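Structure record follows, encoded as structure tokens.
The values are calculated or read from the model by the stated rules, or taken from the named source; none is laboratory data. Owing to the predicted nature of the structure, the values given are computational and were not obtained by experimental measurement. Cβ placement follows ideal geometry from the backbone for every residue including glycine, while neighbour counts extend to all protein chains displayed.
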Amino acid sequence: MPANVAERLSAVGTANALELRGVTRLFGALAALVDITLTVRPGERRAVLGSNGAGKTTLFNCITGDFPASSGTIRFFSEDVTHFPPHERIRRGLRRTYQISALFTGLTVLDNVYLACCGISRGRFSLLRPRRNDALVASAENLIQAVHLAGVRDQLVSELSHGQQRQLEIALALAGAPRFILFDEPAAGLSPTERSELVEILTSLPAHIGYIVIEHDMDVALRVVESVTMMHNGRIFKEGRPEEIESDPEVQELYLGGGHHG
Amino acid sequence: MAVEASRTSGILPASAPAPTAASSLPRYPALWLLALFLLILPAFGSDFVLIQLFGWTFILGMIALSLMFLGGYGGMVSLVQMTVAGCAGYMVAIFGTSAVAEISLGWPWWLAVVVAIVIATLFGTLSGALSVRTEGIYTIMITLAIASAFFYFTLQNYSIFNGFSGFNAVRVPQVFGIDWRAAVPFYYLTLFWAVIAYLAVVYVSRSPFGLALQGTRDNARRMEALGFNVTAHRIAAYAFASVIAAVAGVLLVWHGGQISPGTAGVGPVVDILIIAVAGGMSRPIGPFIGALIYVLLRTFALDVMEAVGLDGKRFQLLVGVGFLLIVLFSPDGVLGLWQRWHRRFLAPAAPPARGGVR
Ligand SMILES: Nc1ncnc2c1ncn2[C@@H]1O[C@H](COP(=O)(O)OP(=O)(O)OP(=O)(O)O)[C@@H](O)[C@H]1O
Ligand SMILES: [Mg+2]
């Protein structure tokens, strides 16, 4: 284990956080992702934009292994994880949130976050209930603070508002020691106030944690990322800095102004 | 008695606003009354009541409890639990002593019991490993296939399982100068292990392992995305449930003094499912309620039928109709009925139950 940790620490400096080569994902005859090649540096923060059905969520599913890639390779901090089951990728520091909240609605907020903390610890098979000063419970409480949910700590998730559930989604992805996080439309359905809270949560993440965020709202996206990838019909259509993408005539034609012309 | 079981009080009992285990007890005097009743029952209950009614209830309840653990918390309906118990029973007879001296090895009782529980647990875990990648009806089919295979194997194998006749005269040992075969000691023996199994399930349901098991039931994909190996977790759940079923299986062979293929035939295998469903799969007390009803029906249906002038041979019909009625009126068995009744008449202002299960 120590050798492994040392290996990973040294890898952070040198390797890319994510390296996708020729990743394709088929659903029957439908090619949801076609030959995606993408590199993301450690600590880099990137937005993925694209119209409905462009393949953004499928890209996340391939990276985490929820739906494995049909072909191509995926490296996470230089390790080939293409054929790893999702939990092995998560244990290496990858995290994700879901576009449609995937929470445990019959459990409390604290239980949800506690589960997330157990998942990446060795205590996940423990038959013993946590003691009062349990380290995993303490880290769960910290996470709940960090996403502004301390007031509803002991409420059932089914009793939370939509906005609170979205915040809990993020808390689950922050458990343990994440190295790279995939946020799937974290701002969907949030009020303007909740959006600015979200921006604050994302911008205040430690600098070494990189992420990709799928976000339709340019105002949110451009405030939290340094690079943008545009997707269209399962392919990468354009990559660049936010200002470049925003002013790119092709992008405007296809995506930003698409509604007016189409 | 059904109320305290698996309610969720948050993982941190000390700081949760909901009552802790300690403070919730006085709120449920029914639990204390039940405990008192079970403890002093030997003072006035006949041997028949102690062994044939309650001893049998505790044993069947434990086997159904192991199914409730897998089904209620893990969403896995396993039909192999009775077979795991039968396997443990056979091993006790094979490694220990029975009337079939050519086969039984005559090991000391404690060694035979430990080996029996280990082997039955391995068998149950292996069955789990074969079935956990399937869902719903397919899990039921695979576990039923394993149960049938075990039944036919024991029926046709004479060198180890002694075929159709199985083993008889499997005696409860005498330990600490107590004859555990006698009604009162055996009653307390089964009560003790039923309580241990019950408390273990209640406790583990709120441990990281138990919480995660409920997580895999509700959203297996999310659990993977939190770093849990869902397959391994489910197999571990089978191992835990198998220990309970195996202990019950040892008591089962001692209870009847014999074991044969029919002990874990398809009938008893399905009976365990009926007991768990009719009692209620949402809390660990449900299987014991189901077992008590089952034992009462099995024991008295014949007399009832004859009393009202019907053919006593059709008593199975009454058993079936009884369980059909329960499940028709309440999908969550007697527990569900009880909870609805409790909510309506006793605690109209109480918030809906915070189920650790569903
Ligand atoms: N599990 C699946 N089975 C079959 N087809 C799928 C599946 N998941 C996605 N698809 C298809 O793949 C294509 C890309 O879907 P994806 O969900 O990745 O789009 P998206 O960019 O996330 O869109 P949105 O903005 O609506 O979330 C769509 O045509 C979709 O119908
Ligand atoms: Mg999507």
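The residues of segment A:24-68 include none that are more than 17 Å from A:I181 (Cα to Cα), of a type in the set (D, E) and within 10 Å of ligand 1 (Cβ to nearest atom). Checked against (1) away from ligand 2 (no atom under 16 Å from the Cβ); (2) of a type in the set (A, V, I, L, M); (3) out of contact with any Gly (no Cβ under 7 Å at 6 or more places or on another chain); (4) closer than 16 Å to A:A47 by Cα, A:L168 passes all but a single condition, namely (4).
Scanning segment A:174-189 for residues that are crowded, with 19+ Cβ neighbours inside 10 Å and more than 16 Å from ligand 1 (Cβ to nearest atom) gives A:L174, A:A175, A:G176, A:P178, A:R179, A:F180, A:I181.
Out of curiosity, is A:L198 buried (at least 21 other Cβ atoms within 10 Å of the Cβ) and within 14 Å of chain B (Cβ to nearest Cβ)?
no
The lone criterion from (1) within 13 Å of ligand 2 (Cβ to nearest atom); (2) touching a strand residue (DSSP E or B) at 6+ places or on another chain (Cβ under 8 Å) left unmet by A:G53 is number (2). Quick one: what pairs do we get from segment A:41-63, first residue modelled with pLDDT under 90, second near ligand 1 (Cβ under 7 Å from one of its atoms) and assigned to a loop (DSSP other than H, G, I, E, B), C-beta under 6 Å, 6+ apart or different chains? Within 6 Å, no pair qualifies. Here segment A:118-140 is the region considered, the condition is being more than 9 Å from every other protein chain (Cβ to nearest Cβ) and in a helix (DSSP H, G or I), and the residue that is surrounded by the most Cβ atoms within 10 Å (Cβ to Cβ) is A:S139.
Restricting attention to segment B:270-287, the residues that are crowded, with 24+ Cβ neighbours inside 10 Å and part of a helix (DSSP H, G or I) total 7. For segment A:165-182, a residue qualifies if it is part of a loop (DSSP other than H, G, I, E, B) and either closer than 11 Å to A:R96 by Cβ or touching a helix residue (DSSP H, G or I) at 6+ places or on another chain (Cβ under 8 Å) (or both), and the qualifying residues are A:A175, A:G176, A:P178, A:R179.
Filtered by the rule that a residue be surrounded by 17 or more Cβ atoms within 10 Å (Cβ to Cβ), part of a loop (DSSP other than H, G, I, E, B) and aliphatic (A, V, I, L, M), segment A:24-64 gives a lone residue, A:A54.
Here is a list: B:A241, B:A245. Which entry is within 14 Å of chain A (Cβ to nearest Cβ), closer than 29 Å to B:Y152 by Cα and not hydroxyl-bearing (S, T, Y)? Even if it seems obvious, please write down each step before you answer.
Working: B:A245 fails: within 14 Å of chain A (Cβ to nearest Cβ).
After applying the criteria, what remains is B:A241.
Considering only residues in segment A:97-117 that are more than 8 Å from chain B (Cβ to nearest Cβ) and either aliphatic (A, V, I, L, M) or surrounded by fewer than 21 Cβ atoms within 10 Å (Cβ to Cβ) (or both), the one that is farthest from B:A220 (Cα to Cα) turns out to be A:V109.
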